[in-house]
Amino acid sequence: MKLIIGNKNYSSWSLRGWLAAKQSGLSFEEITVPILGEHWNKQKQEMGDVQPSSGKVPILWDGETVIWDSLAILEYLSDKVGRDRFWPKDEGARGMARAMVAEMHSSYGSLRKEMPMNVRRRIQLKELSEQSRADVVRILQLWAEARARHGSTGPFLFGTFGAADIFYAPVVSRFITYGIGVPPFAQSYMQAIWEHAWMEEWIGASENEEWVIEQYETVGE
């Protein structure tokens, strides 16, 4: 398998696809192509018809199969290796995890816009829009409910690391980057995500990247 991702410092969707590939336990070749750069445009041309017209990352190639959406990648991999590797076994927990992942996949546009992922930066935002504050509150409510109802067996949202953590890992990064104040339970969860071995690998690689996207470096200034 081959997984095409964008800059590790900036690409939240790439992080989700990469963590899903890691969680699968399957071997894959990682190809990093800087987004918003000349190399990305060249790579899109070389992909031809196998990539979507938007040319977004991540993209998973598995033989003749091509998947270009992070949630689709996760579901494809869970079909290959068994859904219990990604989703809680308990029916109630699994239903909630799926709903949380779907909401993360389709919502929080204001938060994404005002707080683009930038793993290397640390900045205290002067203020958030009302909608972004509502996004933060909603996410914390979901985290609290998941931890209270289904998280007793471990430090992650549903106890053990899984699909929900994969999809909320970029939010953890954003909260850390922009100094978002969170209650103690959320601090503990964020620490568990940040110190996960795969996250440490991703963070280390992002810090060593040379690419800079200026529009993401001036947020909050």
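The values are calculated or read from the model by the stated rules, or taken from the named source; none is laboratory data. Everything numeric in this text was worked out from a predicted model, so none of it was measured. For neighbour counting, all protein chains shown are included, and Cβ atoms are generated from backbone atoms with ideal geometry for every residue, glycine included. Side chains are part of the model used for accessible areas, which takes the heavy atoms of the whole protein and leaves out ligands, DNA and RNA. Shrake-Rupley method; radii C 1.70, N 1.55, O 1.52, S 1.80 Å.
What shape does region 116-221 take by its C-alpha gyration tensor, where a ≥ b ≥ c are the square roots of the eigenvalues and a/c under 1.5 counts as rounded, a/b above b/c as prolate, and the rest as oblate?
On the way: a/c = 2.54, a/b = 1.31, b/c = 1.93.
Oblate.
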Leaving ligands, DNA and RNA out of it, report the carbon-plus-sulfur percent of the accessible area of the chain at a 1.4 Å probe. 47
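Taking K and R as +1 and D and E as -1, what net charge do the other residues with C-beta under 15 Å from the C-beta of residue 63 add up to?
It works out to a net charge of -2.
Normalising by the residue count of the chain, find the relative contact order in percent from Cα pairs under 8 Å and 6+ residues apart.
Working: 286 pairs, mean separation 55.1, N = 221.
Rounded, it is 25 percent for the chain.
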Please calculate how many Å² of accessible area region 62-221 carries per residue, with a 1.4 Å probe and no DNA, RNA or ligand atoms counted. 49
What is the packing order of peptides 164-177, 82-95, 18-31, 120-133, taking the mean over residues of other C-beta atoms within 10 Å and listing the highest first? 164-177, 18-31, 82-95, 120-133
What shape does region 160-213 take by its C-alpha gyration tensor, where a ≥ b ≥ c are the square roots of the eigenvalues and a/c under 1.5 counts as rounded, a/b above b/c as prolate, and the rest as oblate? oblate
Where a Cα-Cα gap under 14 Å defines reach, which aspartates and glutamates qualify for residue 113, not counting those fewer than 8 residues away within the same chain? 127, 130, 135, 217
Classified through the alpha carbon gyration tensor (a ≥ b ≥ c as square roots of its eigenvalues; rounded if a/c is under 1.5, else prolate when a/b is larger than b/c, else oblate), the chain comes out oblate
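Cβ under 12 Å from residue 114's Cβ, residue 114 left aside: what net charge do those residues give with Lys, Arg +1 and Asp, Glu -1? Can you show the working numbers first?
Values: positive: 112, 113, 126, 133, 174; negative: 127, 130, 135.
With Lys, Arg at +1 and Asp, Glu at -1, the net is +2.
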